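Heads up: the structure comes next, in structure tokens.
The numbers here are math on the coordinates, done by the rules we state, and not lab data. Computed from a predicted model, the values in this text were never measured in an experiment. A quick note on method: Cβ atoms are made from the backbone with ideal geometry, for glycine too, and the neighbour counts reach across all protein chains shown.
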Amino acid sequence: MPETETVHPHRRSRALPALVLLLTLGACTPSAPATTGAPSLPPSAAPTGPPSTTDAEPVRVEMTAGDVTLEVSVPGAAVDDPHVHVTPDEQAGTATVTLERSAVDDAEVPVALTLTSDGTFEPRADGSVTVRAGGTAVGGLSAPRGARLVAADGTHLEVRPLADDASGGADDDVTTTLGTSAVERTDWGDREGGRSLAVVPTDWAREAGQAGVDLAWAELVAADPEVDTATMHDQLECHAIGAPDKDSWNLEPWRPDVGLVATMAARCNPTS
């Protein structure tokens, strides 16, 4: 019998199962997820820079004089740089608001003045604004320089820049003063041939224009109903327009009622 190679069947039977086991384990082992850092934001959620000034919460500052309270709202201003300053003077019955020029000229949304106490705004032809409560003048705002006050409604004003040809290229801050006292004192006497009421106006009333006249008139009539005549009102307005710096505004009830134009032509002292 020829010599043959010796075969070991038991070695083959043990190797084959081991190979199958390795292949099975490799197929069943889960692969680890790839880590590539923080997940990316979708385009809509990506940062887009600082918010627009028109979206920022406005700075609000309260100003009070007497019984009248306003809120000044400056849109887009930062709390630490509000572009608005309020200077109250309780003794004089005034409060002055000062606005940086850029807050008025460059604002996408106008600076607003809101009446938060009782009453309504009454804009006057000279740019001043009277505050009335129950139909009676209780305060007023002087006409601002380099800007104008525009009524949005009865309790809201907007501070708007003047046209370039009207502002004269002004770059000063914009100011307006709220006043609630127009008459410092009065004194009846005999002057120029008859009874005369000497009216000493407050500093605010001397510069407040028509709003100052409205408040001074309300205070005079409340103190003495005898004052309430057309000629006395025309004389008061004439002094406020033509002689605001005069020490006292002398009003005579005996002077004829000739209308404001004729009263001013007579230098506030009509005689016929």
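Miscellaneous remarks
- FRET E, pair residue 195, residue 136, Förster distance 45 Å, beta-carbon r, rounded to 0.05: 0.95
- Net charge dipole size for segment 183-265 [Lys, Arg +1 and Asp, Glu -1 on Cβ; Debye, nearest 20]: 140 debye
- In this simple spin-label approximation, residue 223 and residue 272 carry label points 7 Å from Cα along the Cα→Cβ vector, and these lie 3.4 nm apart.
- Karplus-derived HN-Hα couplings along segment 107-113 (A = 6.51, B = -1.76, C = 1.60, θ = phi - 60°), whole Hz, x at Gly and Pro: 6, 6, 10, x, 4, 10, 10
- Scoring 60-72, 244-256 by mean Cβ neighbours within 10 Å over their residues and listing the highest first yields 60-72, 244-256.
- q = 0.17 Å⁻¹, segment 183-265: log10 I(q)/I(0) [Debye, one scatterer per Cα]: -0.60
- Where labels lie 7 Å past Cα in the beta-carbon direction, separation of residue 254 and residue 126 in nm: 2.9 nm
- With a simple spin-label model that places each label point 7 Å from the Cα along the Cα-to-Cβ direction, the separation between residue 89 and residue 71 comes to 2.7 nm.
- Förster-model FRET efficiency, 30 Å R0, residue 152 and residue 185, C-beta, rounded to 0.05: 0.20
- Peptides 139-149, 197-207, 91-101 ranked from most to least packed by the mean count of surrounding Cβ atoms within 10 Å: 139-149, 197-207, 91-101.
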